[in-house]
1. Would you confirm whether any residue within the range 47-54 is within 20 Å of ASN200 (Cα to Cα) and either assigned by TED's automatic domain parsing to the domain that holds LEU199 or assigned to a helix (DSSP H, G or I) (or both)?
2. So which residues in the range 44-67 are surrounded by fewer than 19 Cβ atoms within 10 Å (Cβ to Cβ) and either among the hydrophobic types (A, V, I, L, M, F, W, C) or in contact with a Leu (Cβ under 7 Å, 6 or more places away or on another chain) (or both), if there are any at all?
3. Kindly check whether there is at least one residue in the range 205-213 that is loosely packed, with under 15 Cβ neighbours inside 10 Å, under 18 Å from the mean Cα position of the chain (by Cα) and in contact (Cβ under 8 Å) with a residue 24 or more places away in the chain.
4. Could you grab me the full set of residues in the range 218-243 that are farther than 19 Å from ILE261 by Cβ and buried (at least 20 other Cβ atoms within 10 Å of the Cβ)?
5. Six or more apart or on different chains, Cβ atoms under 7 Å: show the pairs whose first residue is in the range 15-35 and among the polar types (S, T, N, Q) and whose second is in a helix (DSSP H, G or I).
6. Given the conditions (1) surrounded by fewer than 18 Cβ atoms within 10 Å (Cβ to Cβ); (2) at pLDDT below 95, which single one is not true for SER112?
7. So how many residues does the range 237-246 have that are more than 13 Å from LEU214 (Cα to Cα) and touching a residue at least 40 places away in the same chain (Cβ under 8 Å)?
Amino acid sequence: MHVSPPQFAYLRDFLKRRTGVALDDTKRYLVEARLRPVARSRGLDDIDAIAEILRTTADHRLEEEVICAMMTHETSFFRDRSPFETLAKLIPELVARRGVMKQLVIWSAACSTGQEPYSLAMLLRERFASLLADWRVRIIASDISKIALDRARSGIYSDLETTRGLPTGLRGRYFKSLQGRWSIVQDCRQLVEFRQINLNDSWPPLPSCDVIFLRNVLLYFDVPTRRAVLSRMRGLLRRDGGLFLGGAETMLGLEVGYERISGDGCSYYRPDAAAEA
């Protein structure tokens, strides 16, 4: 089941317009691999038929299925570990500076199926429960895919998902066994609020953020889209907060007004006061 060059060009343009994800000419195989199950589930003969439906009808469900299939949903609890350790060192500093407000806002800006925001919730409960006992803590978790968000809201994961990356002992403390699967406890659920947000489109009103996790997202965008997203996030991030990117991502050459802060095994970024002056 292949895709013709004209329909591949259409699908590539569709993804760029709708999501900001930029595919080059070498990614035709990826479109075929990821959209093949969508075509089969709809009883379509080929992937060209998907493109033709998108081109000629307002099939919003198909649009959602295509976007979800083409997004990379690779995730795990406490992925790469070092950003969470660095954040654990930053939290006491933020708490000391927010003593009057007593509010902490963290945005997981591409949360996929929920492992990242729930990891943040577990980190706060595990290490800072007493420090934040009378605080309002909000973890805003967003993703472009409604399908992924529905899975994240369920908070239910398999044995494999709860052992992959999850530190020893946390499953017993923060999950309940549920018919062979594992459900995140209410104490963590109540910290997380899920929203569907397309980073390449208009954003709903969002509060000022102390911490933003934008990890393993920018590498799929072209340079203008990266600059636009990072510039908008700079307007939301408090000057003493932290923006965390993926291990393979950098701001070199983007000139978007951040300064790099060295952390515990990884770095994060703050709005550069000199750039704003």
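The values are calculated or read from the model by the stated rules, or taken from the named source; none is laboratory data. Small disclaimer: the values here were computed from a predicted structure and weren't measured. Quick reminder, even Gly has a Cβ in these numbers, built from the backbone with ideal geometry, and neighbours come from all protein chains shown.
1. Start the filter on the range 47-54 by keeping residues that are within 20 Å of ASN200 (Cα to Cα), which leaves 54.
Among the residues that remain, those that are also either assigned by TED's automatic domain parsing to the domain that holds LEU199 or assigned to a helix (DSSP H, G or I) (or both) are: 54.
The answer is yes, given that some residue of the range 47-54 is within 20 Å of ASN200 (Cα to Cα) and either assigned by TED's automatic domain parsing to the domain that holds LEU199 or assigned to a helix (DSSP H, G or I) (or both).
2. The answer is LEU44, ALA49, ILE53, LEU54, ALA58, LEU62, GLU63.
3. Taking the range 205-213 as the starting set, the residues that turn out to be loosely packed, with under 15 Cβ neighbours inside 10 Å are 205, 207-208.
Filter once more, keeping what is under 18 Å from the mean Cα position of the chain (by Cα): 205, 207-208.
Then drop every residue that is not in contact (Cβ under 8 Å) with a residue 24 or more places away in the chain, which leaves 207-208.
For the range 205-213, residues loosely packed, with under 15 Cβ neighbours inside 10 Å, under 18 Å from the mean Cα position of the chain (by Cα) and in contact (Cβ under 8 Å) with a residue 24 or more places away in the chain: present.
4. Within the range 218-243, PHE221, ARG226, VAL229 qualify.
5. THR19/ILE67
6. Of the numbered conditions (1) surrounded by fewer than 18 Cβ atoms within 10 Å (Cβ to Cβ); (2) at pLDDT below 95, the odd one out for SER112 is (1).
7. Filtering the range 237-246 down to residues more than 13 Å from LEU214 (Cα to Cα) leaves 238-241.
The next check asks that each one be touching a residue at least 40 places away in the same chain (Cβ under 8 Å); those that pass are 240-241.
Qualifying residue count, the range 237-246: 2.
Each row is one residue, and each column tells you yes or no for (1) under 28 Å from GLU93 (Cα atoms); (2) out of contact with any Asp or Glu (no Cβ under 8 Å at 6 or more places or on another chain).
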{"site": "LYS176", "(1), (2)": "no, yes"}
{"site": "PRO204", "(1), (2)": "no, yes"}
{"site": "SER208", "(1), (2)": "yes, yes"}
{"site": "LEU230", "(1), (2)": "yes, yes"}
{"site": "GLY247", "(1), (2)": "yes, no"}
{"site": "VAL256", "(1), (2)": "yes, yes"}
{"site": "ILE261", "(1), (2)": "yes, yes"}
{"site": "ASP264", "(1), (2)": "yes, no"}
